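Everything on this sheet refers to the single structure shown next.
The values are calculated or read from the model by the stated rules, or taken from the named source; none is laboratory data. Predicted model, so just to flag it, every value in this text is computed and none were measured. Every residue, glycine as well, gets a Cβ built from its backbone with ideal geometry; the counts of neighbours run over all protein chains shown.
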Ligand SMILES: Nc1ncnc2c1ncn2[C@@H]1O[C@H](COP(=O)(O)OP(=O)(O)O)[C@@H](O)[C@H]1O
Ligand SMILES: [Mg+2]
């Protein structure tokens, strides 16, 4: 089964300053990743790795072409549908982490669930109820 499908994906950044040209960073990316497949994206700094991952993760929909994750057309989803896909199917570890310093690592991981009416991350972390051993993931 195809997990990720990109066809003719293009990403253009606007000029950094007036008078400069826009930057065509991704010019036509085709990619297929099967379910269960492990893939690493390599490239020199500034080549567009983070940009590509932001598109794949549904964080940036300002692009041209087709991008599907688990059969969902990322640009066709409503904002709540996209948020639900990100919440349930996509995991991110950001380069700059974006963690809340007042919370522990485990509380940070559990935080998104608290937005969906589940227990507060701190009490779940304290009770251990949010933890499942890797064998059960
Ligand atoms: N929000 C943005 N606006 C304009 N240009 C950007 C923006 N984000 C990244 N860029 C430019 O896009 C290029 C690729 O960035 P990025 O995807 O972060 O590369 P990588 O992750 O491979 O180092 C860089 O030249 C960067 O300056
Ligand atoms: Mg990067």
**Residues of the range 10-34 classified as within 16 Å of ligand 2 (Cβ to nearest atom) and touching a residue at least 12 places away in the same chain (Cβ under 8 Å), total** = 5
**Item:** Residue in the range 53-70 that is surrounded by the fewest Cβ atoms within 10 Å (Cβ to Cβ), counting only those that are closer than 17 Å to residue 33 by Cα and without any contact (Cβ under 8 Å) to a residue 40 or more places away in the chain
**Value:** 53
**Prompt:** Going by the structure shown, is residue 86 free of Cβ contacts under 8 Å to residues at least 40 places away in the same chain, surrounded by 15 or more Cβ atoms within 10 Å (Cβ to Cβ) and either under 19 Å from residue 6 (Cα atoms) or within 13 Å of ligand 2 (Cβ to nearest atom) (or both)?
**Reply:** yes
**Message:** For the range 89-118, give me each residue that is over 13 Å from residue 59 (Cβ atoms), in a loop (DSSP other than H, G, I, E, B) and more than 16 Å from ligand 2 (Cβ to nearest atom).
**Reply:** 99, 100, 101, 102, 103, 104, 115, 116, 117, 118
**Request:** Please give the number of the condition residue 41 fails out of (1) out of contact with any helix residue (DSSP H, G or I) (no Cβ under 6 Å at 6 or more places or on another chain); (2) within 16 Å of ligand 1 (Cβ to nearest atom); (3) modelled with pLDDT of 95 or more; (4) part of a loop (DSSP other than H, G, I, E, B).
**Result:** (1)
**Request:** Looking only at the range 35-50, decide whether some residue is more than 16 Å from ligand 2 (Cβ to nearest atom), under 24 Å from residue 112 (Cα atoms) and under 14 Å from the mean Cα position of the chain (by Cα).
**Result:** no
